[in-house]
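Throughout, read-outs are computed from the coordinates displayed, never taken from laboratory work. Since we're looking at a predicted model, the values are computed, not measured. A quick note on method: Cβ atoms are made from the backbone with ideal geometry, for glycine too, and the neighbour counts reach across all protein chains shown.
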Ligand SMILES: Cc1ncc(COP(=O)(O)O)c(C=O)c1O
């Protein structure tokens, strides 16, 4: 059992619940409670942290995962959803017609897609600015602005937002601060400790870590029990909760989060330096830690050659898993953006995004070198 007095590496690999006393039979690995419903012990029983009535509302396997992520993020509460998009969609339910949200300009394309969808239908509007520039954010604030929605580093151009500074602005204008922490995970960045109200995750990525399951999370600040209650209520009502088997896989993934983040980040540092010195690479986007690198090559043909020639690295969407993946944002993750938006951000036909895995770094470089050769 690992409480907050233990360091994050320890909290990744030990459950929050006391295995000996908290789980029947003392199973060291939390069982997959593959059940839709639970027998009631008495009339009028309602779900609490320790009593379960129906798996849409709560389930012991999912609860262990939620408690684990709450512990890692330093959150008051956490709900686990079927995907990262389900988490983001649920957060949008917090807004009312007339509300306005300021977002980081290069968000994950799926977030842009649903923001664009609901804006006309629900009359919630969104502005996109470089949230790394506080003056830009300040200028975008309107009377109806309710929240700041930040990805840092952003996807895919790795723009960094100073969360402490933006929190001050959020406080000044009484805005909700929401941060998508998918790229760095609580191992490298804990936005709630810097004052964010809500953290969302695509758990599909580093947290689950093995490209074998989808998952999402919404974590709330310890002082925002109002938000936590509302989100649990919405989650139970709409039902986008994570299945027991996927909760188990994500929990198992998190056990090695610290090791994987260290190794992936170490590999990425070496690869970013190598790319900077390659004659066909014109620009490298890397923040110095974490394992996401974007880079621009000299021509569209080179970009296509690299995608066709890689043998070890896999040409695929997604990121954060143990296998390295190369993505072509223009036709994959960011195809929803207009050409003008893409050009403004530099997401062009020469732009590639690499999620660095845990392989031997020399093997990865050999693969890139061969793919970049004439
Ligand atoms: C930063 C970020 N947030 C959210 C999502 C959506 O997550 P999911 O694919 O699990 O729905 C993604 C997916 O790529 C992402 O990269």
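The sole residue among 266, 273 that is out of contact with any helix residue (DSSP H, G or I) (no Cβ under 6 Å at 6 or more places or on another chain), free of Cβ contacts under 8 Å to residues at least 12 places away in the same chain and over 21 Å from residue 86 (Cα atoms) is 273. Confirm whether residue 17 is in a loop (DSSP other than H, G, I, E, B), surrounded by 14 or more Cβ atoms within 10 Å (Cβ to Cβ) and free of Cβ contacts under 8 Å to residues at least 60 places away in the same chain. Taking the combined requirement at face value, the residue satisfies it. Per this entry, residue 79 is not counted among residues that are more than 18 Å from residue 237 (Cα to Cα), buried (at least 20 other Cβ atoms within 10 Å of the Cβ) and within 16 Å of the ligand (Cβ to nearest atom).
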